[in-house]
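The values are calculated or read from the model by the stated rules, or taken from the named source; none is laboratory data. All values reported here derive from a predicted model rather than from experimental measurement. As a convention, Cβ positions derive from the backbone with ideal geometry for all residues, glycine included, and neighbour counts pool all protein chains shown. Side chains are part of the model used for accessible areas, which takes the heavy atoms of the whole protein and leaves out ligands, DNA and RNA. Shrake-Rupley method; radii C 1.70, N 1.55, O 1.52, S 1.80 Å.
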Amino acid sequence: PMPAKPVDIEKDMDKLKAWKAEAHDIYTHNAKVTGQRIEFMQKIKLAEELLEEGEPFYLPHQICFRGRAYPIPLYLHPQGDDITRALLLFGDEREVTERGYYWIRIQACNMWGMDKVSLSARNKWALDNMDQILAWAKDPLQDNGWMEADEPAQFLAACMALAYPDIAKHFPCQIDGSLNGLQHLTATGKCEQGAKVVNLLPSTPDDMPEDAYIDVADNVFNQVKRDAEGGHPTAMWVLPYMQEHGRYLVKQPVMTRWYGVTRIGAREQVRDKLKKLEVPRDKLYDGSRYLGKLTYDSIGTVCGKAADIFNWFEECARIMCKHSPNTSIQWVTPLGLPVVQPYRSWGKVTIKTCLQRVTVAYRKDDVPVHLARQIQGIAANWTHSQDSTHMLKTGRTAWIEGLAFAAVHDSFWTHASDMDLLNRICRDEFVDMYSGDVLKELVEYWRDRYPGIILPDPPPLGQLDIHDVIKSTYFFS
């Protein structure tokens, strides 16, 4: 409910300001929830109509300029939210082997929220709680403890697959990359330090997966603790939040750093998290500015050569744009897709009327490129073009092998019994992409494209053997 407006509020400007702020937040929340409810009902209605048809349906996709694939249908597709993904089953069926049930148990545990422990521990958790899992599947409306899961609808779907063989035959299991943008940059630079934190090194199902978010959170926490001991006023009240919610606070900046988030963007991301933790409004700005800066700086410390590669991309983009200000930066993916950054300044025309002058902006291919956006976007767009290439290569090989396949960029889906084969395919395709010197080939392409240009050499490669990915349990898991 909206907060009641105090009777004497006009006499106290501080009360008026506080009431307006509270009312604004509640109004925004209510509008968001209303939109979510409408969208939820639209999804359910469409799912019911498709069930009445009784036939499998297909999802046409389109690709963006970087090669990333997006489903064209609006409501029901793998790139939807928790509810949407939980509604989907593959149209064809596969008999579920014992190994297939192993992967369904892993998925149930992942969706519950225990995706940071070893695969062996996840499997054991599912086996130990199988009676409860089956009870949730049998009567989810009465026994609704499943709603405590991190991804409740997808967790319930996994419970259903474990309880009902007919569902299990169609059930889509998922494997996700471990901070995938950083995985691509780390493999590009053959960086051993970065490879460790994003699970590119050999590991077994009994090992604990590495977690780059926790590594960054620990680094930030140690700095906050030192500042607090030194009397830093913001650090002193931030410290308990970092101690209890450190990974939660730094996760989004760490994840999006490799897709171009700026320091200001990192600050806003931290601010949103602090707000959800109910930090007082008057402390949000100082806390988010302080934590955002520490997080942004710690990412480079923890993640090795990736930051150097990121900076090298931006330096090359700056030189190329100044050399040829009318030419968009471009490159070609390993699949042969030409990627052209579309960012240009707007053309402008002034229309004079008897009353006024109106200036209209329009897109035009012969105006200079937008320097800032070309520079800021290049590392993120190149990384996106690499992860899209990996997805498309994996999907192509999966199709050749007869596997069902769906993807959400760095999340690959197939039948439970085919998951081991998909794991092997996605690792083989990654090794194929990064066996050579990717940055050397890229800079040579740019030097050929801009005759006479002087571009800096890429950062030197590390000692990582990219074939180690083949033996990594948690590269995708």
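Observations on the model:
- Hits in segment 308-357 (condition: among the charged types (D, E, K, R), closer than 15 Å to ALA372 by Cβ and free of Cβ contacts under 8 Å to residues at least 60 places away in the same chain): ARG318, LYS322, ARG344
- Test: residue in segment 120-142 that is surrounded by 17 or more Cβ atoms within 10 Å (Cβ to Cβ), part of a helix (DSSP H, G or I), basic (Lys, Arg) and at pLDDT 95 or above: yes
- Filtered by the rule that a residue be open to solvent by 10 Å² or more (accessible area, probe 1.4 Å), of a type in the set (Gly, Ala, Ser) and at pLDDT 95 or above, segment 150-193 gives ALA153, ALA157, ALA163.
- The helices (runs of 4 or more DSSP H) found wholly in segment 213-324 and carrying at least 1 residues that are open to solvent by 60 Å² or more (accessible area, probe 1.4 Å) and among the hydroxyl-bearing types (Ser, Thr, Tyr) occupy 233-257, 281-302.
- Matching option when the condition is polar (S, T, N, Q) and in contact with a Ser or Thr (Cβ under 8 Å, 6 or more places away or on another chain), among ASN222, ASN199: ASN199
- Residue check for MET114: open to solvent by 40 Å² or more (accessible area, probe 1.4 Å), at pLDDT below 95 and either over 25 Å from THR84 (Cβ atoms) or among the aliphatic types (A, V, I, L, M) (or both): yes
- Filter result for ALA18 (more than 21 Å from GLN154 (Cβ to Cβ), more than 26 Å from the chain's Cα centre (by Cα) and open to solvent by less than 30 Å² (accessible area, probe 1.4 Å)): no
- Filter pass, PRO451 being out of contact with any helix residue (DSSP H, G or I) (no Cβ under 8 Å at 6 or more places or on another chain) and either loosely packed, with under 14 Cβ neighbours inside 10 Å or not in a helix (DSSP H, G or I) (or both): yes
- Residue check for LEU439: in contact with a Cys (Cβ under 8 Å, 6 or more places away or on another chain) and closer than 30 Å to THR256 by Cα: no
- Test result for LYS440, surrounded by fewer than 19 Cβ atoms within 10 Å (Cβ to Cβ) and touching a residue at least 24 places away in the same chain (Cβ under 8 Å): no
One line per residue, one yes/no per condition, for (1) surrounded by 12 or more Cβ atoms within 10 Å (Cβ to Cβ); (2) assigned to a helix (DSSP H, G or I); (3) in contact with a Phe, Trp or Tyr (Cβ under 9 Å, 6 or more places away or on another chain):
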| residue | (1), (2), (3) |
| --- | --- |
| MET41 | no, yes, no |
| GLU48 | no, yes, no |
| PHE57 | no, no, no |
| LEU74 | no, no, no |
| THR84 | yes, yes, yes |
| LEU89 | yes, no, yes |
| TRP103 | yes, yes, no |
| GLN107 | yes, yes, yes |
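- The residue of segment 325-357 that is modelled with the lowest pLDDT, among those that are open to solvent by less than 40 Å² (accessible area, probe 1.4 Å) and part of a strand (DSSP E or B), is GLY347.
- Scanning segment 387-396 turns up no residue that is modelled with pLDDT of 90 or more, open to solvent by 30 Å² or more (accessible area, probe 1.4 Å) and in a strand (DSSP E or B).
- ALA4 being hydrophobic (A, V, I, L, M, F, W, C) and surrounded by 13 or more Cβ atoms within 10 Å (Cβ to Cβ): no
- The one condition from (1) surrounded by 22 or more Cβ atoms within 10 Å (Cβ to Cβ); (2) among the aliphatic types (A, V, I, L, M); (3) more than 22 Å from the chain's Cα centre (by Cα) that LEU461 does not meet is (1).
- Residues that are crowded, with 19+ Cβ neighbours inside 10 Å and part of a helix (DSSP H, G or I) occur in segment 467-477; there is at least one.
- Where a residue in segment 197-208 is closer than 17 Å to ASP428 by Cβ and its partner, wherever it lies, is open to solvent by 60 Å² or more (accessible area, probe 1.4 Å), with Cβ under 6 Å and at least six apart: ASN199/GLU210; PRO202/LYS471
- Subset of segment 397-410 (residues that are at pLDDT below 95 and surrounded by fewer than 20 Cβ atoms within 10 Å (Cβ to Cβ)): VAL408, HIS409
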